[in-house]
1. Please find, among LEU17, LEU33, LEU44, the residue that is hydrophobic (A, V, I, L, M, F, W, C) and over 16 Å from GLY108 (Cα atoms).
2. Within the range 28-55, how many residues turn out to be within 18 Å of the chain's Cα centre (by Cα) and either farther than 27 Å from ALA168 by Cα or at pLDDT below 90 (or both)?
3. Kindly indicate which of ALA58, ALA79 is open to solvent by less than 50 Å² (accessible area, probe 1.4 Å) and either more than 30 Å from LEU147 (Cα to Cα) or within 15 Å of the chain's Cα centre (by Cα) (or both).
4. Under the condition of being over 16 Å from HIS100 (Cβ atoms) and open to solvent by less than 50 Å² (accessible area, probe 1.4 Å), which residue from the range 166-179 is farthest from the chain's Cα centre (by Cα)?
5. Limited to the range 18-52, what total is found for residues that are in a helix (DSSP H, G or I) and small (Gly, Ala, Ser)?
6. For GLU52, are the conditions met, namely being open to solvent by 60 Å² or more (accessible area, probe 1.4 Å) and acidic (Asp, Glu)?
7. Quick check on ASN94: is it touching a residue at least 60 places away in the same chain (Cβ under 8 Å) and more than 16 Å from ALA116 (Cβ to Cβ)?
8. Given the structure, is TYR25 under 28 Å from SER176 (Cβ atoms), of a type in the set (Ser, Thr, Tyr), at pLDDT below 95 and open to solvent by less than 50 Å² (accessible area, probe 1.4 Å)?
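The values are calculated or read from the model by the stated rules, or taken from the named source; none is laboratory data. Not measured: the values here are computed from a predicted model. Positions of Cβ are backbone-derived with ideal geometry, glycine not excepted, and every protein chain shown enters the neighbour counts. Each accessible area value is taken on the protein alone, full model and side chains, heavy atoms only, with ligands, DNA and RNA left out. Shrake-Rupley method; radii C 1.70, N 1.55, O 1.52, S 1.80 Å.
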Amino acid sequence: MGRHREFDVDKALDAVLCVFWRKGYEGASYADLTAAAGVERPALYSAFGNKEALFRKALVRYYERYLHYIPAALALPTAREVAAHILYNAIDLNTRYPDHTGCLVINGVLAGSDDAEPVRQVLIEARVVAEAQLRERFEQAKAEGDLPETARPDALAAFLMAVLHGMAVQAKAGFSREALEAVAEQALSTWPAGRSALSGKSS
């Protein structure tokens, strides 16, 4: 019969998630992770596996707990509303916690040694999936006349991701919520409008 774990696995995962969020994958040491979880290294790894497996579990937790606004955005009626919902919710998340600003995905992907390459690839793949979802949504918007015929859904998706990533880096560098909102407003001011969006304004 296995020994009963003497710590709350969910709380431990939440604690190490915050460490990864603050320090990135490589910046988070074993000592940081065990101190945050409040357990010794063998117990932590018995529950979650090695550091890479622990990070992967933390990443899943991050998506489930903090990025629910993305599927909600994709269901909104216009492409501009999709973009605005994602931008402003990202700003809120990037600045909500003073001790771990920015985005876990961006903080983890910016730098890494050869040993961390598998983790970097996981994060890159997650970005690719997110960009593909945006592109598909903007293709739908173009087909519905919400975006103009000249619009490029792939470029719009890449543009939105670039703004999001830039804001995450700026948040990590100490930019205020107000400064990031100004960036979002500037990005949205250039958003293209199709025939259905223009007719809606005129009516």
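1. Testing whether each residue is hydrophobic (A, V, I, L, M, F, W, C) and over 16 Å from GLY108 (Cα atoms) leaves just LEU44.
2. The total comes to 0.
3. Numbers: ALA79 fails: either more than 30 Å from LEU147 (Cα to Cα) or within 15 Å of the chain's Cα centre (by Cα) (or both).
Going through ALA58, ALA79 in turn, just one is open to solvent by less than 50 Å² (accessible area, probe 1.4 Å) and either more than 30 Å from LEU147 (Cα to Cα) or within 15 Å of the chain's Cα centre (by Cα) (or both): ALA58.
4. Applying the filter and picking the extreme gives ALA179.
5. Result for the range 18-52: 9.
6. Numbers: open to solvent by 60 Å² or more (accessible area, probe 1.4 Å): no; acidic (Asp, Glu): yes.
No: the conditions fail for GLU52.
7. Against the criterion (touching a residue at least 60 places away in the same chain (Cβ under 8 Å) and more than 16 Å from ALA116 (Cβ to Cβ)), ASN94 qualifies.
8. Yes: the conditions hold for TYR25.
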